[in-house]
1. Taking the Cβ of T164 as the centre, find all other residues whose Cβ is under 15 Å away and add up their charges (Lys, Arg: +1; Asp, Glu: -1).
2. Hey, can you grab everything whose amide H is under 5 Å from the amide H of R60? Only 5+ residues off in sequence or another chain; H modelled, so Pro and N-termini drop out.
3. Need one number: nm distance between label points at A158 and K122, each 7 Å from Cα along Cα→Cβ, rounded to one decimal.
4. At R65 and D167, where each label point lies 7 Å from the Cα along Cα→Cβ, what is the point-to-point distance in nanometres?
5. Order 174-180, 45-51 from most to least packed using the mean count of other Cβ atoms within 10 Å.
6. Within the stretch 137-190, report the trypsin sites (Lys or Arg not before Pro) that DSSP leaves as loop and that have at most 13 other Cβ atoms within 10 Å.
7. Give, as a single signed number, the net charge of other residues whose beta carbon lies under 9 Å from the beta carbon of R116, with Lys and Arg counted +1 and Asp and Glu -1.
8. Sort I113, I102 by heavy-atom solvent-accessible area, probe 1.4 angstrom, most to least.
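The values are calculated or read from the model by the stated rules, or taken from the named source; none is laboratory data. Treat the numbers as computed from the prediction; the structure is a model and nothing was measured. All Cβ positions, glycine included, derive from the backbone under ideal geometry; neighbour counts span all protein chains shown. Accessible surface is based on the protein model in full, side chains and every heavy atom, while ligands, DNA and RNA are left aside. Shrake-Rupley method; radii C 1.70, N 1.55, O 1.52, S 1.80 Å.
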Amino acid sequence: MEQLKGKSSALMVVVVLVAGGIFYLIGGGSDTVEVSSSVKKPYDAVEMTVSSVRSDGRFRGMIERSGRYADKGLRTIGTYDRVYLRLADVEPPQPARDPCWIDEGQNALDDLIGARIWVDPKDVQEQGSGTFTVYAWNRSGTFVQEQLIRDGDAKVFAGRLSSTYRDALTAAEDEASAAERGLLGACAGQ
């Protein structure tokens with residue numbers, strides 16, 4: 001009987017450890033401030049596959065050829081070829097300006113964007129030379145720009161902001177600044 005209790009206790013420990021590991025992997029152990037996005041993904045968002053983010057904040061993306069709004073995406077971007085994308089209204093850390101947060105900011109961008117994003121087709125702007133600025137949502141429906149700013153992994157663009165997303169982005173930056181999160185805390189004296 002004692003052997004059975006011992007095996008049962010050992011099994012319980014293994015189950016708890018496995019459950020804790022699964023909880024951490026699905027986001028429960030993340031150090032980001034995960035709140036639901038105040039801006040929901042547009043119903044007509046265009047799905048794109050994307051590559052990892054470069055150090056200048058650009059990444060390659062391609063419209064999915066299938067899906068409900070693939071044609072709308074084609075009309076917006078103009079091609080099914082890969083194009084360069086940049087997140088609109090955010091300034092990711094730059095090596096010259098924010099050297100203390102460059103790796104963390106780069107990792108946060110890659111983690112949030114992943115391999116697939118959904119883009120608001122009404123707010124795509126061409127910057128020239130095949131680069132488009134976009135507002136993006138990731139697979140879990142998180143507004144990428146808002147989460148990056150809230151976690152202190154990027155700043156709000158200093159220029160003119162989209163009236164559609166201005167309030168959400170400035171509120172996220174105010175929250176990150178007050179809590180001295182990310183580069184707003186680590187790079188404050190530099």
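1. On the way: positive: K40, K41, K122, R160, R166; negative: D44, D89, D120, D123, E146, D167.
Computed value for this residue: -1.
2. So R60 has HN proximity to S51, L85.
3. That separation, rounded to one decimal, is 3.1 nm.
4. Result: 4.2 nm between the two label points.
5. 45-51, 174-180
6. In loop regions of the stretch 137-190 (DSSP not H, G, I, E or B), the sparsely surrounded trypsin sites (Lys or Arg not before Pro) are R139, R160.
7. Here the count lands on -1.
8. On the way: I113 5, I102 40 Å².
Result of the area sort, largest leading: I102, I113.
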